[in-house]
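The numbers here are math on the coordinates, done by the rules we state, and not lab data. Keep in mind the model is a prediction, meaning the values are calculated, not measured. Every residue, glycine among them, receives a Cβ derived from its backbone with ideal geometry; neighbour counts consider all protein chains shown.
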Amino acid sequence: QSAQPAKDEL
Amino acid sequence: MNLFRLAGDMTHLFSIIVLLLKIHATKSCSGISLKTQELYVIVFLTRYLDLFTRFVSLYNTVMKIVFIGTSFAIVWYMRYHKVVKQTYNKDEDTFKHYFLLLPCFVLALLLHNEFTTMDVLWTFSLYLEAVAILPQLVLLQQSRNIDNLTGNYVFFLGAYRGLYVLNWIYRYFLQDHRARWIPWISGLVQTALYADFFYYYILSWKKHEKLKLPA
């Protein structure tokens, strides 16, 4: 399970 | 960052400015659900726990502080401002919003990316935001006349998440091709809850009539 996408959204 | 997401964030910010303008200019919060505003404070606090621990960009940090600050300011106005609080009609703000917290939290404990405090609370904030507008929509259905600023506030608040859906489509097909199931599904549910409001809002705008939601 690759790391989850970055939390860059508000 | 893409145009859809920037437009979404600006629309979200604009909706909050419209609401603050209405409350500050008219010194009235009639037609506004305090419960929805309180849910949004919880959404922002649990969403932005990494405000001080993770720096994404200046824009990201500034917007998080603005969203937390304005949502607190709105709740403060409605609860404690000597004039505004008189105009809050708690008899029409009837939705049992605390009943939304537990199911969203349990769902976040079951469905999340990583089982860490930050991620579970971040996931909880997405589930909660999807349903946070319910007390406001219920109040609008019960209130006889919806003033323009309140109608515009709800419209822009719904439109921002619709723009985010476009942002997710753009990101997935044209950028990082990464599935973000939790924000996607929460965002679609959130936008879908506005569907009938959008319909009556646009209809009233076209017919130049007062916005009225069927009970």
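Of note:
- Quotient of C-alpha Rg and 2.2 N^0.38 Å, computed over the protein assembly as shown: 1.02
- Relative to the globular-protein estimate of 2.2 N^0.38 Å, the Cα radius of gyration of segment B:1-153 stands at 1.09.
- Spacing of the modelled spin labels on B:LEU110 and B:THR61, each 7 Å from Cα toward Cβ, amounts to 3.9 nm.
- Ranked by how many other beta carbons lie within 10 Å on average, peptides B:187-195, B:47-55 from highest: B:187-195, B:47-55
- Under 17 Å of direct C-alpha separation, and excluding same-chain neighbours fewer than eight residues apart, A:LYS7 reaches these lysines: B:LYS64.
- Percent of alpha-carbon pairs separated by more than 14 Å within segment B:171-215: 64 percent
- Rg ratio for segment B:70-150: its Cα radius of gyration over 2.2 N^0.38 Å, N being its residue count, equals 1.36.
- Shielding by partners for peptide B:5-14, expressed as the average number of C-beta atoms from other protein chains within 10 Å of each residue's C-beta, is 1.
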